[in-house]
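Beneath this line is the structure, given in structure tokens, with notes to follow.
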Amino acid sequence: MLTVRAPATSANLGSGFDVFGVALTRPADVVRVERASETTIEVTGAGAEFVPTEPAENTAGVVARELDAPAHIEIDKGVRPSSGLGSSASSAAGAAVALNELYDRGLSREELVWLAAEGEAVVSGEAHADNVAPSILGGFTIVTDEGITRIDADLPVVVCLPETVVSTREARGVVPESVEMDQMVETVGNASTLVAGMCRDDPELVGRGLTDPVVTPARADLIEGYDAVADAAREAGATGVTVSGAGPGVLAVCRDCDQRRAVASAMVGAFGEAGVDAQAYQTGIGRGAEILGE
Ligand SMILES: Nc1ncnc2c1ncn2[C@@H]1O[C@H](COP(=O)(O)OP(=O)(O)OP(=O)(O)O)[C@@H](O)[C@H]1O
Ligand SMILES: N[C@@H](CCO)C(=O)O
């Protein structure tokens, strides 16, 4: 079987709604594929019971259909579904890279991003690529209709995942339909600051650039304990905090790797005080999907 490790991702990063994303060094999905006359899917791992095995409903199955590459697909979920860590995207990304190799389709990594985005459409109703792009390409990615820009960034982060569920569909439903001019100006400033920070691996600039006056406040209301968790992370030294993807995961940028332990513990503690169990990943910006072998 051909095996691919496809990383979790964090989309939006506050000021880059539907545009920015980063690959995380951990957690990750592991996707194994072998040729078959028709596609079948087996799912194990974190939250496997919530992932459909029907190919038309599973992001990896949709990718197999789009690539005309029927296969038996085994998905070992490292990334829990409805986490805000791009769970459905990790499987789509892993399947795209694995099936492209298995069937020798010769598609470029960027072409695979648009293919994997079709898998995402089955989950959220839209083929958005802000999670699949970093999962396939790695680093920090900027996705627009005109193309994808990738920056090889390296920063320590913590993502804290409460034992609650927010679906992307639900979280898209609370996004305001329009913005005021002053909100747009603030968002452009923050997004620009964040990009400069990614280019320089500067946690202060990236932390400052996470601030977003439009989408994050609306979504924070869906996450029990969010404000206390964000305050706790900042008090422990994080340079910035935001909702990871559509939530309920919360992402904090740290000044250095050693600081992650204190930030992680503060975030888990604050969720606990709000009556919510949570786990934290001490992670960082990492590589894209990797073929582990046959
Ligand atoms: N291979 C897959 N892995 C995980 N979830 C899948 C997969 N295929 C379909 N799904 C469905 O996708 C939904 C989870 O996707 P959703 O976009 O809501 O969360 P997420 O990918 O963790 O978060 P986000 O996109 O906000 O980072 C679940 O309802 C799940 O059943
Ligand atoms: N940009 C997407 C990412 C989640 O899949 C959203 O925030 O809705």
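Could you tell me how many of the residues in region 141-198 are assigned to a helix (DSSP H, G or I), of a type in the set (Ser, Thr, Tyr) and surrounded by 14 or more Cβ atoms within 10 Å (Cβ to Cβ)?
Residues in region 141-198 being assigned to a helix (DSSP H, G or I), of a type in the set (Ser, Thr, Tyr) and surrounded by 14 or more Cβ atoms within 10 Å (Cβ to Cβ): 3 in total.
Would you point out the residue of region 211-223, among those that are modelled with pLDDT of 95 or more and more than 14 Å from ligand 2 (Cβ to nearest atom), that is nearest to Met267 (Cα to Cα)?
Restricting to residues being modelled with pLDDT of 95 or more and more than 14 Å from ligand 2 (Cβ to nearest atom), the top hit is Thr211.
For region 278-285, state whether one or more residues are farther than 23 Å from Ser167 by Cβ, surrounded by 16 or more Cβ atoms within 10 Å (Cβ to Cβ) and among the small types (Gly, Ala, Ser).
Within region 278-285, one or more residues are farther than 23 Å from Ser167 by Cβ, surrounded by 16 or more Cβ atoms within 10 Å (Cβ to Cβ) and among the small types (Gly, Ala, Ser).
Going through region 34-50 one residue at a time, which ones are surrounded by 13 or more Cβ atoms within 10 Å (Cβ to Cβ), more than 16 Å from ligand 2 (Cβ to nearest atom) and within 17 Å of Arg80 (Cβ to Cβ)?
If the condition is that a residue be surrounded by 13 or more Cβ atoms within 10 Å (Cβ to Cβ), more than 16 Å from ligand 2 (Cβ to nearest atom) and within 17 Å of Arg80 (Cβ to Cβ), then Val43, Gly45, Ala46, Ala48 are the ones that fit.
So, in region 202-223, exactly how many residues are in a loop (DSSP other than H, G, I, E, B) and exposed (fewer than 15 other Cβ atoms within 10 Å of the Cβ)?
1
Restricting attention to region 68-86, does a residue exist that is surrounded by fewer than 22 Cβ atoms within 10 Å (Cβ to Cβ), in a strand (DSSP E or B) and more than 14 Å from ligand 1 (Cβ to nearest atom)?
Within region 68-86, one or more residues are surrounded by fewer than 22 Cβ atoms within 10 Å (Cβ to Cβ), in a strand (DSSP E or B) and more than 14 Å from ligand 1 (Cβ to nearest atom).
Any chance region 252-274 includes a residue that's in a strand (DSSP E or B), closer than 15 Å to Leu194 by Cα and either in contact (Cβ under 8 Å) with a residue 40 or more places away in the chain or among the aliphatic types (A, V, I, L, M) (or both)?
Taking every residue of region 252-274 in turn, at least one turns out to be in a strand (DSSP E or B), closer than 15 Å to Leu194 by Cα and either in contact (Cβ under 8 Å) with a residue 40 or more places away in the chain or among the aliphatic types (A, V, I, L, M) (or both).
So for region 121-128 (the condition being among the β-branched types (Val, Ile, Thr) and within 18 Å of Ala23 (Cβ to Cβ)), does at least one residue qualify?
Within region 121-128 (the criterion being among the β-branched types (Val, Ile, Thr) and within 18 Å of Ala23 (Cβ to Cβ)), the answer is no, since none of the residues qualifies.
Anything in region 126-177 that is outside the structural domain of Ser88 (by TED's automatic domain parsing), modelled with pLDDT under 95 and near ligand 1 (Cβ under 10 Å from one of its atoms)? List them, or say none.
Val165, Val166, Ser167, Thr168, Arg169, Glu170, Ala171, Arg172
So which of Gly14, Gly94, Gly21 ends up being away from ligand 1 (no atom under 12 Å from the Cβ), under 29 Å from Thr283 (Cα atoms) and either small (Gly, Ala, Ser) or in a loop (DSSP other than H, G, I, E, B) (or both)?
Being away from ligand 1 (no atom under 12 Å from the Cβ), under 29 Å from Thr283 (Cα atoms) and either small (Gly, Ala, Ser) or in a loop (DSSP other than H, G, I, E, B) (or both) holds for just one of Gly14, Gly94, Gly21, which is Gly14.
So which pairs qualify, if the first residue must be in region 116-136 and within 15 Å of Thr25 (Cα to Cα) and of a type outside the set (A, V, I, L, M), the second must be in a loop (DSSP other than H, G, I, E, B) and within 10 Å of ligand 1 (Cβ to nearest atom), the Cβ gap must be under 7 Å, and the two must be at least 6 apart or on different chains?
Asn131/Gly86; Asn131/Gly245; Ser135/Gly86
Quick check, is Ala8 near ligand 1 (Cβ under 10 Å from one of its atoms), assigned to a strand (DSSP E or B) and modelled with pLDDT of 95 or more?
For Ala8, the condition - near ligand 1 (Cβ under 10 Å from one of its atoms), assigned to a strand (DSSP E or B) and modelled with pLDDT of 95 or more - is met.
Of the numbered conditions (1) among the polar types (S, T, N, Q); (2) within 16 Å of ligand 2 (Cβ to nearest atom); (3) assigned to a loop (DSSP other than H, G, I, E, B), Thr53 satisfies every one except a single condition; which is it?
(2)
The values are calculated or read from the model by the stated rules, or taken from the named source; none is laboratory data. Not measured: the values here are computed from a predicted model. Glycine also receives a Cβ, built like all others from the backbone with ideal geometry; neighbour counts cover every protein chain displayed.
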